[in-house]
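What follows is a single structure, written as structure tokens, with notes after it.
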Amino acid sequence: EKTGKVLGEFCRCYKEQFGVALFNSVRYEIEGTGGPQAQLLHRKVPLEDHVIYSGNIFQYIEENKKWRNRFCVVPHNYGLVLYENKLAYERELPPRVLVNSAGYKILTSVEQYLELVNNSLPGVAPKSGHSPILKCPTDFPLILWHPYARHYYFCVMTGKEQEKWRAVFQDCVRHCNNGISEDSKVEAPAFTDAIRMYRQSKEQYGTWDMLCGNETQVLSNLVMEELLPELRSTIGPRLKGKAPERQRTWIQVSDAVYRMVYELVKAQYDAAVARCEQERPQLESTIRTDMDQIITSKEHLASKIRAFVLPKAEVCVRNHVQPYISSILEALMTPTSQGFAEAREVFFKEVTDMNMNVVNEGGLEKLVEYMEKLSHLAFHPVKMQSCYEKMDQLKLEGLQQRFDVSSTSVFKQRAQIHMRQQMDDAVYTFETLLHQELGKLQGKDDLCKSIQRILERVLKKFDYDSSTVRKKFFREALLQITIPFLLKKLAPTCKGELAKFQELIFEDFASFILVENTYEEVVLQSVMKDIMQAVKEAAVQRKHNLYRDSMVMHNSDPNLHLLGEGLAIDWSEEYSGQPEAEPAAERRRRAKQVVSVIQDDEGALPYGVAAEMLLQPGSPEPQEPEEAHPGVPPSPLGAVKEIREALAQESLGDGAGAEERLMNGTDAGTPPSPRADVPAEAQVPHATPAPPGAQSPSAACHQHSDNETGERGERSPPQPRGTTESGEGVQTEF
């Protein structure tokens, strides 16, 4: 009932915004003039046939309260895919768990997690001395927390591993949060504007932390935001048992409701989009026929609203916004510019190191090897972490409360995505220019000089594009902070009077001109001049290496963008000396890996050989652990013993497949409904759990090796089954 009510109101907003977005798109197509031309090339398909990372990690299985060693794969679409072990992955057996990490937070301490859990169900917290909801057997946990969906618990053996896994998980969250495609020039703006209009109708202004994931996930978050308080007040008092058990039950209830909401939302939203798409040809025909009349009508409406609103808006800007613009801009500029500078430094260092190594180690053959790694530098979460970390300094402090900014995370993630894109553009431009030069070079000296010359050219282009991207980001962020504040301030005196302007819109054009949107454009114009001036002054003063708007970089490479239109460069295939190209199917199976195995080589037992160490002469034989009581979490010492026994059993081929298959926490006995957005052949088949104690043939012959997931291994792992090829990432199976 709640989902139907929320989606009914939202779909009405979406239909209105769809017509406006379609008009804006067609108008821009006819009239639009783009900004400064980017100097760097843009790669079309950055991670085709690549896996970001794969490696072993311990996962806590809630159903039987045990920690198990899992083989985790992060494919090119940034889903988290967990397999029983590496052999199960190589044999293309179904994964245990698929996780879409949109909306999750990565926690690295149990205390952080317990605080969030205690806050999620007020009044229910374990008393002092009582067992909490979760205990970790090592000092290095990694917990994926979500306000509505189920939580995932992992741990590793060392701090170094924890840092690297955290970087990988954060990259997944960052990518999945950015789930609304920017390539869509109509649907995406219509959706985000409809979300904003719906929330403003509920008196909710300012940024929203849960605008995360694809459209269905965002709408599910919208419903849950309203539904959860009612659910908590209804179900909370009825939960039985001790505090940890009630918290555990509440998390399961919230997750179950979230899944139900997701399925309902998906069906209703898809139907609304289909209706709009059905009307699109007729709407577009009207726009193209009557474009001039629509523009004239809109300008007439805007002039009337401007006369009414602008005096009040300008007073509000002068008193409440203008004094703080420079402070907000400085707070944004410092960490963002440091992040871009760090990205430039990382790129420079990687290319310089490659140049030195190529000269010292053997010319073209080594170049191919290094270029394979360099080509995916932007998608290496560990190497890029030093750039992303600069945004952690972003703090708006008192400004955050004044302008109703609930969190700075939306700005941090946006800047980090820009950094990654800028890095990939620089790398792609470098390898395109180097590839063009290779046929003309003679000897290592020529190669060294050419690499250095191309690096300098690319860095100049990087500086120019970096300035352009950052200035645009600063302007957008300032608008995102100030516009909701102004709308909230002006609402009592202006919003009630807007209805009288509706009569100024011709009925034939009512699908393309909305009073509410025009009013917001007028408010935007009232502050835009001050924002543009602040950014311009920062550029004139050359703050943080920003260029003036009048600075135009003459294109010294007129044919460069033509080179970027060619096929992607496959260094290993083109320069490997093999007479025949590898078939496409075989190339997909041997998916290359961006990050080598994430394990600390110093001071810790590798996951794969820990079992062998535990079974040396004099070591006690592993015993079957006792089944934990459902309400009692394992103690830390017992959990460590359990992990060691699990490793020993796995290496001996015992216990593989003993617990039920997990599909994002659902019971394997209840198959989820097939996903409409995933092709039938890509749907994950259900595994049949082996009876307890039965020996799996794959486990019997499985042996871990330190080199199994290394970059230089002979066999690279295949792409995981059950993942989609689209940019949406691996979808959580609700």
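The values are calculated or read from the model by the stated rules, or taken from the named source; none is laboratory data. The shown structure was predicted, so the numbers you read here are calculated from the model rather than taken from an experiment. Cβ coordinates were reconstructed from backbone atoms using ideal geometry, including for glycine residues, and neighbour counts include every protein chain displayed. We work out accessible area using only protein heavy atoms, side chains counted, and drop any ligands, DNA or RNA first. Shrake-Rupley method; radii C 1.70, N 1.55, O 1.52, S 1.80 Å.
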Taking a straight Cα-to-Cα line shorter than 18 Å from Lys65, and setting aside same-chain lysines fewer than 8 residues away, one finds Lys135, Lys242, Lys641
Karplus-derived 3J(HN,Hα), 6.51/-1.76/1.60, for each residue of the stretch 221-230, Hz, glycine and proline x: 5, 5, 5, 5, 4, 8, 7, 4, x, 5
Restricting things to alpha carbons, find the Rg to Rh ratio for the stretch 453-492 using the Kirkwood radius for Rh. 1.41
Hydrodynamic radius of the stretch 51-177 per Kirkwood, over alpha carbon pairs, in Å: 15.4
Amide H proximity to Gln593 below 5 Å, modelled H, separation 5+ or other chain, gives Val51
For the stretch 51-177, with all protein chains present and a 1.4 Å probe, just round the carbon and sulfur fraction of the accessible area to a whole percent. 47
In the structure shown, of Lys15/Lys412; Lys412/Lys543; Lys15/Lys105; Lys266/Lys412; Lys298/Lys472; Lys44/Lys185, the pairs separated by more than 23 angstrom at the C-alpha atoms are Lys15/Lys412; Lys15/Lys105; Lys266/Lys412; Lys298/Lys472
Run the accessible area of the stretch 310-394 with a 1.4 Å probe and give the carbon-and-sulfur part as a rounded percent. 53
Full-stretch length increase - Glu63, Lys529 - with 0.36 nm per residue and alpha-carbon distance subtracted: 162.0 nm
Cα-only Rg/Rh for the stretch 291-427 with Kirkwood Rh rounds to 1.24
Could you list which residues have their amide H under 5 Å from that of Thr207, counting only those 5 or more apart in sequence or on another chain, with H placed in the peptide plane? Ser406
Heavy-atom accessible area per residue - the stretch 397-486, 1.4 Å, Å²: 38
Point-to-point label distance, Thr234-Lys366, nm (Cα→Cβ direction, 7 Å offset): 6.8
Taking a probe of 1.4 Å, how large is the accessible area per residue of the stretch 1-44, in Å²? 53
For the stretch 51-177, what is the accessible area per residue in Å² when the probe is 1.4 Å? 29
Does a label point 7 Å from the Cα of Lys312, set along Cα-to-beta-carbon, have any residues of the stretch 169-202 with amide nitrogen under 19 Å, and which are they? 200-202
Chain lengthening between Glu345 and Thr289 when straightened (0.36 nm per residue, less Cα-Cα): 15.0 nm
Reach of Lys444 by Cα under 29 Å, taken over lysines that are not fewer than 8 positions away in the same chain: Lys349, Lys366, Lys373, Lys383, Lys460, Lys461, Lys592
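For Trp145, Trp67, give me the order by solvent-accessible area with a 1.4 Å probe, most accessible first, ignoring ligands, DNA and RNA.
Numbers: Trp145 35, Trp67 5 Å².
From most exposed to least exposed: Trp145, Trp67.
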State, to one decimal in nm, how far the label point of Glu397 lies from the label point of Glu497, with both points 7 Å from Cα in the Cβ direction. 3.8
For the stretch 272-371, what percent of Cα pairs sit more than 23 Å apart? 70
Area of His151 that stays accessible when all protein chains are in place (1.4 Å probe, Å², to 10): 10
Probe 1.4 Å, all chains present, heavy atoms only: Glu182 accessible area in Å², nearest 10, is 100
